[in-house]
1. State which residue pairs qualify: first residue under 22 Å from Gln34 (Cβ atoms) and inside the range 121-142, second residue open to solvent by 20 Å² or more (accessible area, probe 1.4 Å) and assigned to a helix (DSSP H, G or I) in any location, beta carbons under 8 Å apart, and separation of 6 or more residues or different chains.
2. Hey, among the residues in the range 148-174 that are in contact with an Asp or Glu (Cβ under 8 Å, 6 or more places away or on another chain) and surrounded by 17 or more Cβ atoms within 10 Å (Cβ to Cβ), which one's modelled with the highest pLDDT?
3. Go through the range 28-48 residue by residue and tally those that are assigned to a loop (DSSP other than H, G, I, E, B) and open to solvent by 60 Å² or more (accessible area, probe 1.4 Å).
4. Restricted to the range 49-79, and to residues that are in contact with a Lys or Arg (Cβ under 7 Å, 6 or more places away or on another chain) and part of a strand (DSSP E or B), which residue is surrounded by the most Cβ atoms within 10 Å (Cβ to Cβ)?
5. Condition first: in a strand (DSSP E or B) and in contact with a Gly (Cβ under 9 Å, 6 or more places away or on another chain). Can you find one or more residues in the range 137-157 that meet it?
6. Mind listing whichever residues of the range 82-131 are of a type in the set (Gly, Ala, Ser), open to solvent by 20 Å² or more (accessible area, probe 1.4 Å) and within 14 Å of the chain's Cα centre (by Cα)?
7. Condition first: surrounded by 19 or more Cβ atoms within 10 Å (Cβ to Cβ) and farther than 12 Å from Ser72 by Cβ. Now tell me which residues in the range 132-147 satisfy that.
8. Of the residues Ile71, Ile145, only one is more than 20 Å from Pro33 (Cα to Cα), in contact with an Asp or Glu (Cβ under 9 Å, 6 or more places away or on another chain) and among the β-branched types (Val, Ile, Thr); which?
Amino acid sequence: MRGTHVSGAIPESAPNPYRPWAARITSIIDLTPQEKLFELRLIDPVAREAFDFSSGQFVELSVFGVGEAPISISSAPSKQGFIELCVRNAGDVTGALHRKQCGDIVGLRGPFGRGFPFEEMKGHDVLLVAGGLGIAPLKSLLNHIHDDRHDFGKVTNLYGANKPAEVLFLYHFGIWQHRHAFALHPPLRQPRAA
């Protein structure tokens with residue numbers, strides 16, 4: 001079941017809904033000095049097949065022996081078998097994750113949250129606004145809209161960052177802008193001179 005955390009997110013045979021499922025890190029991309037994009041694949045094929053989410057939902061990511069943290073899903077629901085998470089190094093769990101390498105194992109629970117009202121957005125113009133790391137869950141929605149582009153009117157994304165080095169997913173902006181009626185505006189706020 002999409003958009004809720006019920007048994008649709010995990011196999012019915014799961015012994016404990018609070019137990020994280022093991023996931024292997026399959027890719028790590030350095031986006032900025034503080035943010036990385038992690039691609040994960042659930043190891044259990046039943047859990048992988050049952051994992052169903054909506055753009056805007058999040059997972060609880062576990063680094064075993066360290067803790068757990070809520071992280072927004074950055075991949076589109078159409079990307080089957082893999083989950084992308086954009087993670088800022090900002091604490092014990094995220095710091096430990098940033099030290100992981102491809103092939104390492106982490107845990108996932110979820111998805112949680114209601115997600116964006118994707119079906120209700122169809123047939124309408126869409127305005128998305130984000131700053132900094134807030135673009136992470138919108139990346140999922142932008143890619144989902146991109147996949148079904150004919151179902152939407154004009155799509156405008158206003159995205160702000162403090163400086164050019166902090167802009168996330170810059171390579172995706174080029175891909176999104178090639179679609180008809182996709183307007184992307186990444187304004188930058190420059191620090192004031194002292």
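The values are calculated or read from the model by the stated rules, or taken from the named source; none is laboratory data. All figures in this text were calculated on a predicted structure; none of them were measured in a lab. Counting neighbours? That spans all protein chains shown, and the Cβs are built from the backbone with ideal geometry, glycine included. To get the accessible areas, we keep the full protein, side chains included, count just its heavy atoms, and leave off ligands, DNA and RNA. Shrake-Rupley method; radii C 1.70, N 1.55, O 1.52, S 1.80 Å.
1. Cβ pairs passing all conditions: Gly132/Glu166; Lys139/His172; Leu142/His172.
2. Phe152
3. Total meeting the criteria: 3.
4. The residue in question is Val59.
5. no
6. Gly113, Gly115
7. Leu142, Asn143, His144, Ile145
8. Exactly one of Ile71, Ile145 is more than 20 Å from Pro33 (Cα to Cα), in contact with an Asp or Glu (Cβ under 9 Å, 6 or more places away or on another chain) and among the β-branched types (Val, Ile, Thr), namely Ile145.
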